[in-house]
Amino acid sequence: MRLQALLVSKALKILVNHGLPPLKYEGLTVYRCPRVFPPGKLTKTSFLLAQTMILKENFEVLDVGCGTGFLSLVAARKAKRVVAVDVNPEALKCTLRNVKANGLEGKVEVRRGSLFEALKPEEKFDLIVANLPYLPGQPRSLLEAGWLDDGSLMVKLLREAGGRLKPGGFLQTVYSSLGSLTRQEIVGEAEASGLSLLERRTFKSLLEIFDVYTFTLKV
Ligand SMILES: C[S@@+](CC[C@H](N)C(=O)[O-])C[C@H]1O[C@@H](n2cnc3c(N)ncnc32)[C@H](O)[C@@H]1O
């Protein structure tokens, strides 16, 4: 693993094991539970997606890898319905806690499963948001699966998302220069699966460059 990735991974492990004070974000209170990936200034990707999210009142939204539920809460304030999925049961508990704390019960449904596994056969969405792990490495625990992936999860997301979008629906996801995949690979996988790139926004931080991708399902 490159030095920058190793540093970010070590910092995350310390943060995640201890938990952090609640995050205040645009009127939301987000509890950052121990052993769940925390949105915040260090992790950044959650904020980048929240700021870029395309939302409409009639939207049905899927949050893949919900963690604390941060993106689900941001979406649920405006959208009609949100389904939040994660492989980590601690993340699902944390999301439920945050949904209740923000009075969004009835708008967010929480399910356990990998990527699209927990969805009903006919379920399709106007927007899929996915802030998936990207630091190169093999996770040895559900905790590490919060930030480590060799690129295969992102490829699977890009290959399968189209089948879970309504025509004209959007996939918004974020990836880093520290990840294993190149920009060409990400856009290539998406386009081969019937998605077209609407926008790629780039943000620079001290250790990495982040790209926020917005794809749409070709009609
Ligand atoms: C980088 S965190 C993002 C959390 C949250 N969405 C946010 O933006 O703050 C990635 C999340 O994806 C979850 N995850 C990892 N592998 C997954 C998979 N195969 N399917 C669903 N969720 C997964 C992790 O447990 C973790 O909660």
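Here, each number is a calculation from the coordinates, and none is a lab measurement. Since the model is a prediction, treat every value here as computed from it, not as a measurement. Every residue, glycine as well, gets a Cβ built from its backbone with ideal geometry; the counts of neighbours run over all protein chains shown.
Summary table below
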| item | result |
| --- | --- |
| Answer residue from the stretch 44-68, given it is more than 12 Å from the chain's Cα centre (by Cα) and among the polar types (S, T, N, Q) and is farthest from Val87 (Cα to Cα) among those | Asn58 |
| Total residues in the stretch 146-157, condition buried (at least 21 other Cβ atoms within 10 Å of the Cβ) and farther than 12 Å from Leu181 by Cα | 4 |
| Residue check for Gly168: over 15 Å from Ser193 (Cβ atoms), surrounded by fewer than 16 Cβ atoms within 10 Å (Cβ to Cβ), of a type outside the set (D, E, K, R) and more than 12 Å from the ligand (Cβ to nearest atom) | yes |
| Single residue of Leu73, Leu142 found to be crowded, with 17+ Cβ neighbours inside 10 Å and within 12 Å of the ligand (Cβ to nearest atom) | Leu73 |
| Selected residue [within 19 Å of Gly69 (Cα to Cα) and either hydrophobic (A, V, I, L, M, F, W, C) or free of Cβ contacts under 8 Å to residues at least 40 places away in the same chain (or both)] from Val155, Val99 | Val99 |
| Search result, residues across the stretch 173-182 that are touching a residue at least 24 places away in the same chain (Cβ under 8 Å) and not in a strand (DSSP E or B) | Ser177, Leu178, Gly179, Ser180, Leu181 |
| Qualifying positions in the stretch 96-118 - surrounded by fewer than 17 Cβ atoms within 10 Å (Cβ to Cβ) and within 13 Å of the ligand (Cβ to nearest atom) | Arg111, Arg112, Gly113, Ser114, Glu117 |
| Checking Asp126 against (1) within 16 Å of the ligand (Cβ to nearest atom); (2) part of a strand (DSSP E or B), the condition it does not meet | (1) |
| Matching residues, the stretch 15-37, being out of contact with any helix residue (DSSP H, G or I) (no Cβ under 6 Å at 6 or more places or on another chain) and either assigned to a loop (DSSP other than H, G, I, E, B) or hydrophobic (A, V, I, L, M, F, W, C) (or both) | Leu15, Val16, Gly19, Leu20, Leu23, Glu26, Gly27, Pro34 |
| Subset of the stretch 44-70 that is buried (at least 19 other Cβ atoms within 10 Å of the Cβ) and polar (S, T, N, Q) - its residue that is nearest to the ligand (Cβ to nearest atom) | Ser46 |
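Table: residues versus (1) within 16 Å of the chain's Cα centre (by Cα); (2) part of a helix (DSSP H, G or I).
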residue	(1), (2)
Leu142	yes, no
Val155	yes, yes
Leu158	yes, yes
Ala161	yes, yes
Leu171	yes, no
Gln184	no, yes
Ala190	no, yes
Ser196	no, no
